[in-house]
Amino acid sequence: MSDANIRLPEEAKERLAAIAAAEGLSLRAYLARLAETLLTPAERAERAEKARMVLEKWNGYAPTSAEQQDLDTELDRRLAEVTGR
């Protein structure tokens, strides 16, 4: 295992350390677990494409690029609404 130094605001470090401690983990272990569970943009795109293919095979759902963009825009709007962003 290699070490890495990262710079982040003290508040962020304290928050992450508190979250880790609440789960019974060190900050290092928490960050390692977090890295294992998050998807890269490429992995998310791959999963989305697989889901789209399954839906198309299952029920013929095959939105156009414009329809996909409209759905993405609506999802972004709803997420912003609930997160206050």
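The values are calculated or read from the model by the stated rules, or taken from the named source; none is laboratory data. Just so we're clear, the structure is a prediction, and the values are computed from it rather than from any experiment. Virtual Cβ from ideal backbone geometry, glycine too; neighbours counted across all protein chains shown. Heads up: the accessible areas ignore ligands, DNA and RNA and are worked out on the full protein's heavy atoms, side chains in. Shrake-Rupley method; radii C 1.70, N 1.55, O 1.52, S 1.80 Å.
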**Request:** With respect to ALA21, determine if the residue is hydrophobic (A, V, I, L, M, F, W, C), assigned to a helix (DSSP H, G or I) and within 19 Å of the chain's Cα centre (by Cα).
**Result:** no
**Complete:** Selection from the stretch 49-85 of residues closer than 28 Å to LEU16 by Cβ and in a helix (DSSP H, G or I) yields LEU75, ASP76, ARG78, LEU79, ALA80, GLU81, VAL82, THR83
**Prompt:** So how many residues does the stretch 1-17 have that are surrounded by 11 or more Cβ atoms within 10 Å (Cβ to Cβ), aliphatic (A, V, I, L, M) and more than 19 Å from the chain's Cα centre (by Cα)?
**Reply:** 1
**Complete:** By residue number, the members of the stretch 24-48 that are part of a helix (DSSP H, G or I) and closer than 20 Å to MET1 by Cβ are LEU27, ARG28, ALA29, TYR30, LEU31, ALA32, ARG33, LEU34, ALA35, GLU36, THR37
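Matching residues to (1) open to solvent by less than 70 Å² (accessible area, probe 1.4 Å); (2) at pLDDT below 95:
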site: LEU25; (1), (2): yes, no
site: ARG28; (1), (2): no, yes
site: ALA45; (1), (2): yes, yes
site: ALA48; (1), (2): yes, yes
site: ALA51; (1), (2): yes, yes
site: GLY60; (1), (2): yes, yes
site: PRO63; (1), (2): yes, yes
